[in-house]
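Participant: One structure coming up, written as structure tokens, with questions to follow.
The values are calculated or read from the model by the stated rules, or taken from the named source; none is laboratory data. Note that the structure is a prediction, hence the values are computed from the model and not measured. FYI the Cβ positions are ideal-geometry reconstructions off the backbone, even for glycines, and counts take in every protein chain you see.
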């Protein structure tokens, strides 16, 4: 998938690729795994999501790529891909930020970020102020250590896309 330019059109193509792959996976999921699939979708943003995106834009930790994402995509729920991949809604990100504050990322150039996603095992994905995406090494943020997984949001989204494709093709968890 082309990385540039990152835009609503890029996100629409990304969503279509994920949706197509997940549709193929879900069609044989119960037969393959012995239980029915859970929720697996990239939900298009509705008016409530776009309103939350405008609120997000006023946050000091906000950055343009994530704002573009939230104006187009409401939420990502891929509960049956590997251990699961989730990109939380803007509303959920803002709520968590208000309740818990920013996340301290000692390994980052800018050590403050916000939780934007998770996997099914409790690992968190945190975006720092500069847009770099970090992955917690444990499910707890108490004295958490992080690994840099993507230099920016488009790279992170491409890793998710590749993880979905790999899981659909081989049954193996992806790249995150």
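Participant: From the list 30, 71, pick out the single residue that is at pLDDT 95 or above and either farther than 20 Å from residue 168 by Cβ or part of a helix (DSSP H, G or I) (or both).
Facilitator: Details: 30 fails: at pLDDT 95 or above.
Of 30, 71, the one residue that is at pLDDT 95 or above and either farther than 20 Å from residue 168 by Cβ or part of a helix (DSSP H, G or I) (or both) is 71.
Here's the yes/no breakdown for (1) over 29 Å from residue 166 (Cβ atoms); (2) in contact with a strand residue (DSSP E or B) (Cβ under 9 Å, 6 or more places away or on another chain); (3) surrounded by 15 or more Cβ atoms within 10 Å (Cβ to Cβ); (4) without any contact (Cβ under 8 Å) to a residue 24 or more places away in the chain:
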residue: 49; (1), (2), (3), (4): no, yes, yes, no
residue: 58; (1), (2), (3), (4): yes, no, no, yes
residue: 80; (1), (2), (3), (4): no, yes, yes, no
residue: 89; (1), (2), (3), (4): no, yes, yes, no
residue: 95; (1), (2), (3), (4): yes, no, no, yes
residue: 99; (1), (2), (3), (4): yes, no, no, yes
residue: 110; (1), (2), (3), (4): yes, yes, no, yes
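Participant: Looking for something in a loop (DSSP other than H, G, I, E, B), touching a strand residue (DSSP E or B) at 6+ places or on another chain (Cβ under 8 Å) and within 30 Å of residue 29 (Cβ to Cβ) - is there at least one such residue anywhere in the stretch 126-142? Even if it seems obvious, please write down each step before you answer.
Facilitator: Quick first cut of the stretch 126-142, residues in a loop (DSSP other than H, G, I, E, B) only: 129-132, 137-142.
Narrowing the set further to residues that are touching a strand residue (DSSP E or B) at 6+ places or on another chain (Cβ under 8 Å) leaves 129, 132, 137, 139, 141.
In the following step, the residues that additionally are within 30 Å of residue 29 (Cβ to Cβ) were identified as 137, 139.
Yes, some residue in the stretch 126-142 is in a loop (DSSP other than H, G, I, E, B), touching a strand residue (DSSP E or B) at 6+ places or on another chain (Cβ under 8 Å) and within 30 Å of residue 29 (Cβ to Cβ).
Participant: I've got another one for you. Pick from 115, 103, 42: which is free of Cβ contacts under 8 Å to residues at least 60 places away in the same chain, surrounded by 18 or more Cβ atoms within 10 Å (Cβ to Cβ) and within 16 Å of residue 14 (Cβ to Cβ)? Break it down into steps so the answer makes sense when it comes.
Facilitator: Working: 115 fails: within 16 Å of residue 14 (Cβ to Cβ); 103 fails: within 16 Å of residue 14 (Cβ to Cβ).
Matching residue, one of 115, 103, 42: 42.
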